[in-house]
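Q: Can you keep this structure in mind? I'll have questions shortly.
Coordinate-derived values only; no laboratory data. Keep in mind that what you see is a predicted model, and the values were worked out from it rather than measured. Every residue, glycine as well, gets a Cβ built from its backbone with ideal geometry; the counts of neighbours run over all protein chains shown.
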Amino acid sequence: MIRLGVLASGGGTNLQALLDACAARSVDAEVALVISNVSGAGALARAERAGVPSRLLPSRGVERATYDAQLVEALRAARVDLVCLAGYMRLLSPVFLDAFGPAAGTRGCPRVMNIHPGLLPAFPGLKAQAQCLEYGARFAGCTVHFVDQGVDTGPIVAQAVVPVLPGDDDATLAARILAEEHRLYPRAVGWFAAGRLSVEGRRVRVEGAGAPQRGISNPTD
Ligand code: GAR
């Protein structure tokens, strides 16, 4: 069973999806530590409710490399195998990414994953759902990817697609995407936990996954 560290700045519904999947044993992992940079973040309350260790580590006014070194120390102390960004609204510095790069046994996979509410490489960065609506795209979705030093540019693990409907606003589209995020993220983390992921260049291989269909990149568990 691998140990997850989850970084979250917001309400924490993706954290909840990971907590639920671990509790249900559909993912062979446990959440060892939740860290938020935002006081009062819903994610911290969710961790507490689940009986999982959590920490508030305020980031305001702290230089990025200094802050990231504190994160690394806390995650290492918790013996975390994989860091999951779940609505974590800060970029990570090389201090962090070097500490959680590929390791023995991860088959080239970095040890930091993110969920993004857009179909990368379209609409990276903030407010991906609003960017998508504004652009007039017909499909939206979410992407789980490994994290590198760019903004949402790391190798893609999995994607799910939803339609953009005629009456959509930012909130309705974001809610439709979020429902897919909650399905996709635990599956991707489960693949990592089971040692089924490997990375060659930009391409991520999911061992035993079926061909893409019905708007999901790797349909078979
Ligand atoms: C999710 O939609 C996630 O994809 C997004 O923030 C939301 C967090 O919701 N992340 C980003 O935009 C990262 N750049 P949650 O706190 O309920 O999981």
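Q: Select from Ala74, Ala41, Leu19 the residue farthest towards the positive end of the dipole of the stretch 14-106; place +1 on Cβ of Lys and Arg, -1 on Cβ of Asp and Glu, and compute about the Cα centre.
A: The Cα lying farthest towards the positive end belongs to Ala41.
Q: A follow-up question, please. Please tell me the relative contact order of the chain in percent, rounded to the nearest whole number, where contacts are Cα pairs under 8 Å and at least six residues apart. If you can, show how the numbers build up before the last one.
A: Values: 444 pairs, mean separation 40.3, N = 221.
It comes to 18 percent, rounded to a whole number.
Q: So if I place +1 on the C-beta of Lys and Arg and -1 on the C-beta of Asp and Glu, and nothing else carries charge, what would the dipole magnitude of the stretch 45-109 be about its Cα centre? I want it in debye, nearest 20.
A: Values: 9 positive and 6 negative charges, 44 e Å.
For the stretch 45-109, the charge dipole is close to 220 debye.
Q: Put a dot 7 Å past each Cα toward the Cβ at Ser39 and Arg76; how far apart are the dots in nm?
A: For Arg76 paired with Ser39, the spin-label model returns 2.9 nm.
Q: Put a dot 7 Å past each Cα toward the Cβ at Ala211 and Val151; how far apart are the dots in nm?
A: Between Val151 and Ala211, the label points sit 3.7 nm apart.
Q: Among Phe123, Phe192, which comes first, second and so on when ranked by fewest other beta-carbon atoms within 10 Å?
A: Phe123, Phe192
Q: Taking the Cα centre as origin and putting +1 on Lys and Arg beta-carbons and -1 on Asp and Glu beta-carbons, what dipole magnitude results for the chain, to the nearest 20 debye?
A: Dipole about the Cα centre, nearest 20: 280 debye.
Q: Let me ask another. Span-like helices, the chain: DSSP H, alpha-carbon axial extent 27 Å or more, mean Kyte-Doolittle 0.0 or greater, which ones? Write down the numbers at each step before the final one.
A: Numbers: long enough: 170-193 (33 Å, 0.07).
Membrane-span-like by this criterion, though nothing is claimed about a membrane: 170-193.
Q: Here is a further query. For the stretch 78-117, which trypsin sites (Lys or Arg not before Pro) are both in a DSSP coil and crowded by at most 11 other Cβ atoms within 10 Å?
A: Arg79
Q: Here's a follow-up. Post the alpha-carbon centroid distance, the stretch 159-221 to the stretch 47-126, in whole angstrom.
A: First find each Cα centre; the distance between them is then 20 Å.
Q: Starting with the fewest neighbours, write out Tyr185, Tyr67, Tyr135, Tyr88 ranked by other beta-carbon atoms found within 10 Å of each beta-carbon.
A: Tyr135, Tyr67, Tyr88, Tyr185
Q: Given points 7 Å out from each Cα along the Cα-Cβ axis, report the Ala65 to Glu134 separation in nanometres with one decimal.
A: Each label point lies 7 Å from its Cα, and together they span 3.3 nm.
Q: Express as a percent, rounded to the nearest 5, the fraction of DSSP beta bridges in the chain (both residues included) that run antiparallel.
A: Of those bridges, close to 50 percent are antiparallel.
Q: What longest region of the chain stays clear of GluC sites (Glu not before Pro) that DSSP places outside H, G, I, E and B and that have at most 16 other Cβ atoms within 10 Å?
A: 64-206
Q: Sticking with this structure for a sec: Need the full-extension length gain, Ala171 to Arg203, defined as separation in residues times 0.36 nm minus the C-alpha distance. One decimal, nm.
A: Contour length minus Cα-Cα distance gives 8.3 nm.
Q: Shifting gears a bit: Report the extension gain between Val95 and Arg196 in nm, rounded to one decimal, defined as 0.36 nm multiplied by the number of residues separating them, less their alpha carbon distance.
A: Working it through step by step, the gained length comes to 33.7 nm.
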